[in-house]
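All remarks here apply to the structure that follows.
The values are calculated or read from the model by the stated rules, or taken from the named source; none is laboratory data. As the structure is a computational prediction, the values presented were derived from the model and not from experiment. Every residue, glycine as well, gets a Cβ built from its backbone with ideal geometry; the counts of neighbours run over all protein chains shown. Remember, those area values only see protein heavy atoms, side chains included, never the ligands or the DNA or RNA. Shrake-Rupley method; radii C 1.70, N 1.55, O 1.52, S 1.80 Å.
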Amino acid sequence: MTLRPVEGALPLTEKCHHYDHISEVPWELQKYWHQRYSIFHFYDYDIRLTDDAWFGVTPEPVAIKVAKDMPSHNHSTPRKSTIIDIFAGAGGNTIAFALSEKWDRVIGIEKDAATLACAQHNAAVYGVADAITWVHGDCLDFLARLKDHANGTSKGKGKGKKKELDPFLQLDVSSTVIFASPPWGGVSYRDQDVFDLSTMEPYNLETLHEACRPMEHALFLPRTSDLRQIAKLVPEGAGKVEVVQYCMEGASKAMVAYMPAE
């Protein structure tokens, strides 16, 4: 089976909501709806989200700052010309990467069709629909295929079936950087002074890091994440790893760990 880019825009479904009035908004989403202009500045221009997507969208000011901070080159590695947002969701970070114009290619991967339809629609609202390549599929499957291709093999492990990538997605891993803003497993992290990243669902820290390496990657994590667990992932001889807290109105929203290529 070959994994291909999405051709054209997926249709918006009944799950792709635009709430105009709080009376329409489910109770558990109302606090997020009140913050809608921080999430998407152009919300009134028919921004669409699934109900689940409200919980995971990066606020626009944070997404723009992360896009600015994402390294496209340094003194020791080739320029990174491609960025892959492996948990694209409703498009917040992917759109910010496209707006930054730092990358020759921006790729957004999303497993849920309705959420991907929202992301494509929102990218059009922001005028960057043609600047993003969308992939409908599982991100860990995509990364495994990408690394298999780079290693000269397209055989899936254990099943003997070919797991191939469309030629347009067969990237040079040395010039590719990964951004991962995974689900955090709900809001339970807020109750922990130090969040145990091994409990993150459905993908814990070790699973994400293993899927992304050896490529340079940035992990968007809860603000109280255990720094000791992140430090254990640092390749020997890599020196210091940058970990940044991103704040809005004096309150931290998340931290990003910038992991070097191996």
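Here are a few things to note about the model shown:
- Rolling a 1.4 angstrom probe over the chain with all protein chains present gives an accessible area of which 51% lies on carbon and sulfur atoms.
- Surface per residue (accessible, 1.4 Å probe) for the stretch 1-53, Å²: 67 Å²
- Anisotropy class of the stretch 1-123 from Cα gyration tensor, a/c 1.5 cut: oblate
- Quotient of C-alpha Rg and 2.2 N^0.38 Å, computed over the stretch 1-71: 1.33
- Look at the Cα gyration tensor of the stretch 72-143: its axes a ≥ b ≥ c give a/c of at least 1.5 with a/b at or below b/c, and that counts as oblate.
- At a probe radius of 1.4 angstrom, the accessible area of the stretch 88-159 per residue rounds to 39 square angstrom.
- As a rough guide to protection, the peptides 129-135, 235-241 ranked by mean Cβ packing within 10 Å, highest first, stand as 129-135, 235-241.
- Ellipticity estimate at 222 nm from DSSP helix runs (n ≥ 4, -39,500 (n - 2.57)) divided over the chain, nearest 500: -7000 deg cm²/dmol
- Taking every Cα-Cα distance in the chain and sorting them into 10 Å bins starting at zero, the pair-distance distribution P(r) comes out as 7, 30, 37, 21, 5, 0 percent.
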